[in-house]
Structure formats: structure tokens, C-alpha cells
Amino acid sequence: MSEVKITAETRNEFGKGAARRLRRADKLPAVVYGHGSEPVHIALPHHDTLMALKTPNVLINLDIEGKSELVIPKAVQRDALRIGILEHVDLLIVKRGEKVTVEVPVHTEGDLAPGNNLLEHVLNTLPVEAEATHIPESVTVSVAGLDAGASVLAKDIPLPSGTTLAVEDDAVVLQVLAAQVEEAPAEDAEGDAAAEA
């Protein structure tokens with residue numbers, strides 16, 4: 001996993017007004033915490049951060065006024081109405097070699113068995129434990145040939161070396177459902193009863 005380098009600056013103004021002023025300057029309020037250190041309030045360049053966060057669990061090398069910190073995103077608040085606008089980011093400090101628990105997206109490949117089958121994602125992300133500098137971007141599982149009633153459990157998903165499950169082995173991740181076939185509308189029962197009377 002590659003590292004993204006972002007330069008941040010500390011901030012000492014808080015509240016909605018300060019956050020609005022930051023956003024108008026195309027900066028993003030954020031907090032860095034972890035490893036027993038006091039939380040550090042910072043401002044990040046909005047565009048660079050938005051681009052970095054397109055990669056799930058991205059490893060960011062933050063330069064906070066000359067001090068370097070490795071962090072991963074822990075919570076991202078997005079604008080509810082405007083797509084591509086971030087409101088706030090919580091960043092967790094990590095160390096090289098340290099194991100962290102993160103959620104990675106689950107991707108599927110292959111086609112289900114023929115018929116009216118639907119694939120349900122019970123879990124869109126899979127909780128895993130991995131070294132902070134080797135977090136997988138996603139996991140991929142084949143659903144080729146699966147028929148209605150089949151399930152894919154967490155233990156069935158191949159994980160990269162050094163990555164372990166952080167969820168029960170028998171947790172259902174995907175299941176195949178038979179599509180509900182709509183029945184033809186029944187004849188108007190009241191009309192039939194009236195005709196017989």
C-alpha cells in the first residue's frame with residue numbers, strides 16, 4: 001500500500017464559524033489522535049485529502065509543521081447535500097509494524113448460476129486486522145455458479161498474507177436469494193361473487 005504525503009497545519013480556532021472559514025479557504029478541519037497522545041486539531045488541504053480518501057484505509061504521511069505522523073482515516077464526515085465535499089476527518093496515528101483493525105470493501109467476481117438469483121451483500125465491508133503499512137484496499141470473492149440459498153462466509157474469503165479476520169469465521173458476508181416472482185393478479189373475487197348472485 002502506498003503512502004500519500006499531505007502537509008497539515010495546526011489550528012487553534014474551534015466551532016462552526018472557524019470551520020466555515022477554513023472550508024471557505026478550501027481547507028478541511030481534522031483531528032489527529034492515538035497512541036496516548038493529546039488530540040491535535042489540524043487543517044488539511046481539502047482537495048488533496050479528498051483525493052487521498054478515494055482509496056479506502058489510505059495510509060497518510062502527515063507533515064504537521066515539520067513533524068511527521070503516519071495516520072489512517074478513522075471517521076469521515078461528508079456534506080449531506082453536496083457530493084465531493086468533506087466536513088471533517090478523524091485521523092488515527094499508526095506505527096510501522098503495528099496491527100490495526102479496519103474495514104475493507106468486499107468486491108465480487110463471476111456470475112451467479114442461471115436463473116432469477118439475486119446477490120445480497122450482508123456485509124459491504126469486512127473487518128480485518130492487518131499491519132498499518134500493509135492494509136489491503138479491498139478483498140475479492142468469486143460468486144461464480146452460486147445458486148439460491150448459497151452463502152459466502154467470512155472464512156471463505158481469501159485474505160492477503162498477514163491479514164486476519166476481525167469478525168466471526170461464520171459471519172455471513174454474501175448470500176444468494178431467489179428472486180421473488182410476481183404472481184399474476186387474481187381475478188376480481190368480488191366481481192365473481194356478484195356475477196354468481
Report summary line: Residues in region 113-168 that are assigned to a strand (DSSP E or B) and among the aliphatic types (A, V, I, L, M) total 10
**Report entry** Contacts under 9 angstrom Cβ, first residue in region 142-166 being open to solvent by less than 50 Å² (accessible area, probe 1.4 Å), partner part of a strand (DSSP E or B) and of a type in the set (Phe, Trp, Tyr), 6 or more apart
**Finding:** none
Query - Tabulated pairs, region 74-102, first closer than 26 Å to Arg11 by Cα and in contact (Cβ under 8 Å) with a residue 24 or more places away in the chain, second open to solvent by 50 Å² or more (accessible area, probe 1.4 Å) and assigned to a loop (DSSP other than H, G, I, E, B), C-beta under 7 angstrom, 6+ apart or interchain - result: Ile93/His35
Requested in this report: For region 7-19, name all the residues that are at pLDDT below 90 and either open to solvent by less than 50 Å² (accessible area, probe 1.4 Å) or farther than 15 Å from His46 by Cα (or both).
Outcome: Arg11, Asn12, Glu13, Phe14, Gly15, Lys16, Gly17, Ala18, Ala19
Requested in this report: Restricting attention to region 169-197, report how many residues are assigned to a helix (DSSP H, G or I) and modelled with pLDDT of 55 or more.
Outcome: 0
Report summary line: Reported set for region 65-83 where residues are more than 16 Å from the chain's Cα centre (by Cα) and either open to solvent by 30 Å² or more (accessible area, probe 1.4 Å) or polar (S, T, N, Q) (or both) is Glu65, Gly66, Lys67, Ser68, Asp79, Ala80, Leu81, Arg82, Ile83
Query - All positions within region 130-141 that are open to solvent by 70 Å² or more (accessible area, probe 1.4 Å) and touching a strand residue (DSSP E or B) at 6+ places or on another chain (Cβ under 8 Å) - result: Glu137
Report task. Answer yes or no as to whether Thr55 is modelled with pLDDT of 90 or more and polar (S, T, N, Q). Result -> no
Requested in this report: Within region 33-44, identify whether any single residue is open to solvent by less than 30 Å² (accessible area, probe 1.4 Å), over 26 Å from Glu131 (Cα atoms) and not aromatic (Phe, Trp, Tyr), and answer yes or no.
Outcome: yes
Query raised in the report: For region 143-159, does any single residue satisfy the condition of being in contact with a helix residue (DSSP H, G or I) (Cβ under 9 Å, 6 or more places away or on another chain) and either under 30 Å from Arg21 (Cα atoms) or charged (D, E, K, R) (or both)?
Result: no
Requested in this report: Could you identify the single residue in Leu62, Leu86 that is more than 30 Å from Asp169 (Cα to Cα), open to solvent by less than 40 Å² (accessible area, probe 1.4 Å), out of contact with any His (no Cβ under 7 Å at 6 or more places or on another chain) and not basic (Lys, Arg)?
Outcome: Leu62
Report summary line: Every listed condition ((1) within 19 Å of the chain's Cα centre (by Cα); (2) closer than 30 Å to Ala178 by Cβ) holds for Val100 save (2)
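The values are calculated or read from the model by the stated rules, or taken from the named source; none is laboratory data. Fair warning: this is a prediction, and the values are worked out from it, not measured in the lab. Cβ sites come from the backbone with ideal geometry, for glycine too, and all protein chains shown count toward neighbours. Accessible surface is based on the protein model in full, side chains and every heavy atom, while ligands, DNA and RNA are left aside. Shrake-Rupley method; radii C 1.70, N 1.55, O 1.52, S 1.80 Å.
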